[in-house]
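One structure is given here, and the rest of the page talks about it.
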Amino acid sequence: MYNVMIVDDELWFRSYLKELIDQSGSEFLVCAQAANGAAALKILAAQPVDVVIADVLMPVMDGVALMQHLSHRLPVLALSNCDDYPHVRQMLQLGAQDYLLKHEISAAALREHLQRAADWIRQQATVSSEHARERDAEAYVRKNHMVLKNEFLHRL
């Protein structure tokens, strides 16, 4: 199960997205909602979230500023009411995974985007475990360098 946080200044739209996610019967659960990026950061500090769906333009802290704080830690889907390319571009450059127009969103499209986010999470977990194995191997070699060196010279 993946925890999703919805960040949007419009309560009715947060409720709509939650309903779409709940109806999809998928592996996603809306665990938190926030009206702006500042509130979202407080929630993120207190509980685990796997995917963030964030509006581009919000009062207090917008989606771009939120993305600057998240810095590629988790997948973010950017939302907007209009084609606001400069802001969307900034969010994508900061690591947003995708961009959705609010008026075009459907249950199927949302499910597809969330599934891509889940794929990204699984890929990051795989890469992370591979890096951990490499670090363990390097630590083992460093720790046993002298022993390995002596054994090599002895066999030579």
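The values are calculated or read from the model by the stated rules, or taken from the named source; none is laboratory data. Everything numeric here is computed off the predicted structure, so don't read it as measured data. Here the Cβ positions follow ideal geometry from the backbone for every residue, glycine too, while neighbour counts run over all protein chains shown. Side chains included, ligands, DNA and RNA excluded: accessible areas come from the protein's heavy atoms. Shrake-Rupley method; radii C 1.70, N 1.55, O 1.52, S 1.80 Å.
Do you know which of the residues in the stretch 20-41 that are assigned to a helix (DSSP H, G or I) and modelled with pLDDT under 85 is farthest from residue 121 (Cα to Cα)?
Of the residues in the stretch 20-41, the ones assigned to a helix (DSSP H, G or I) are 20-24, 37-41.
If we keep only those that are modelled with pLDDT under 85 as well, we get 23-24.
Details: 23: 22, 24: 19 Å.
In this case the residue turns out to be 23.
So which residues in the stretch 42-67 are outside any strand (DSSP E or B), of a type outside the set (Val, Ile, Thr) and closer than 22 Å to residue 102 by Cα?
Kept after step one, since they are outside any strand (DSSP E or B), are these residues of the stretch 42-67: 42-50, 56-67.
After this cut, where a residue has to be of a type outside the set (Val, Ile, Thr) as well, the list is 42, 44-48, 50, 57-59, 61-63, 65-67.
The answer is 50, 57, 58, 59, 61, 62, 63, 65, 66, 67.
To keep it simple, each residue is scored yes or no on (1) on the phi > 0 side of the Ramachandran plot; (2) surrounded by 13 or more Cβ atoms within 10 Å (Cβ to Cβ); (3) polar (S, T, N, Q); (4) modelled with pLDDT of 85 or more.
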residue	(1), (2), (3), (4)
46	no, no, no, yes
72	yes, no, no, no
83	no, no, no, no
96	no, yes, no, no
100	no, yes, no, no
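What single numbered condition from (1) open to solvent by 30 Å² or more (accessible area, probe 1.4 Å); (2) of a type outside the set (A, V, I, L, M); (3) at pLDDT below 80 fails to hold for residue 68?
The number of the failed condition is (3).
Only residues that are of a type in the set (Gly, Ala, Ser) and touching a strand residue (DSSP E or B) at 6+ places or on another chain (Cβ under 8 Å): list them for the stretch 36-76, please. Steps first, answer last, please.
Applying the first criterion (of a type in the set (Gly, Ala, Ser)) to the stretch 36-76 yields 37-40, 45-46, 54, 63, 65, 71.
The answer is 37, 39, 40, 54, 63.
Do we find that residue 52 is open to solvent by less than 70 Å² (accessible area, probe 1.4 Å) and touching a Pro at 6+ places or on another chain (Cβ under 8 Å) in this structure?
Values: open to solvent by less than 70 Å² (accessible area, probe 1.4 Å): yes; touching a Pro at 6+ places or on another chain (Cβ under 8 Å): yes.
Answer is yes for this residue.
Residue by residue, here is whether (1) open to solvent by less than 90 Å² (accessible area, probe 1.4 Å); (2) under 23 Å from the mean Cα position of the chain (by Cα); (3) closer than 30 Å to residue 82 by Cα; (4) at pLDDT 80 or above holds:
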residue	(1), (2), (3), (4)
104	no, yes, yes, yes
107	yes, yes, yes, yes
110	yes, yes, yes, yes
113	yes, yes, yes, yes
123	no, yes, no, yes
129	yes, yes, no, no
135	no, no, no, no
148	yes, no, no, no
156	no, no, no, no
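Just to check your reading of the model, which residue among 73, 89 is more than 22 Å from residue 22 (Cα to Cα), in a helix (DSSP H, G or I) and basic (Lys, Arg)?
Values: 73 fails: in a helix (DSSP H, G or I).
Being more than 22 Å from residue 22 (Cα to Cα), in a helix (DSSP H, G or I) and basic (Lys, Arg) holds for just one of 73, 89, which is 89.
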